[in-house]
């Protein structure tokens, strides 16, 4: 089931993409950058780079830090079911919705992201493994 949700999220990201290849970037309301959603796990800006500022569970800028931007209590957190989540934009500034388990995100993206979150049992490390692999 976990792989099904990961596959569905990948498909959803493909449908969101503009005609030319585009990287999806995450920003808070204040304009703070919180990583690249679909970059290679070797990219320093990737949320899948466990050693980078945006993929480390210890960095306050990482969605995988339950005490940082990833906190279920932060209104910008993708894991706050009542919050808005993080804005998804491409490098040209085109807006694609919000990364969120709550109700403010793109409906299909939200369903898939919430499905992954539920499948992980709310565990950040497991969620990152499912999402990134």
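Structural remarks
- Cα gyration tensor shape of the range 49-89, rounded if a/c is under 1.5, else prolate or oblate by comparing a/b with b/c: oblate
- Using C-alpha pairs below 8 Å separated by at least 6 residues, the relative contact order for the range 21-133 is 17 percent.
- Label point of residue 92 set 7 angstrom out along Cα-Cβ; within the range 31-66, amide nitrogens under 20 Å from it belong to 36-39.
- D_trans [Stokes-Einstein, Kirkwood Rh over alpha-carbon pairs] for the range 62-122, 20 °C, 1.002 mPa s, µm² s⁻¹: 188 µm²/s
- Segment residue 44..residue 133, full-extension length gain: 30.3 nm, with 0.36 nm per residue of separation and the alpha-carbon distance subtracted.
All of the numbers you see were taken from the coordinates with simple rules; none came from a lab. Not measured: the values here are computed from a predicted model. Virtual Cβ from ideal backbone geometry, glycine too; neighbours counted across all protein chains shown.
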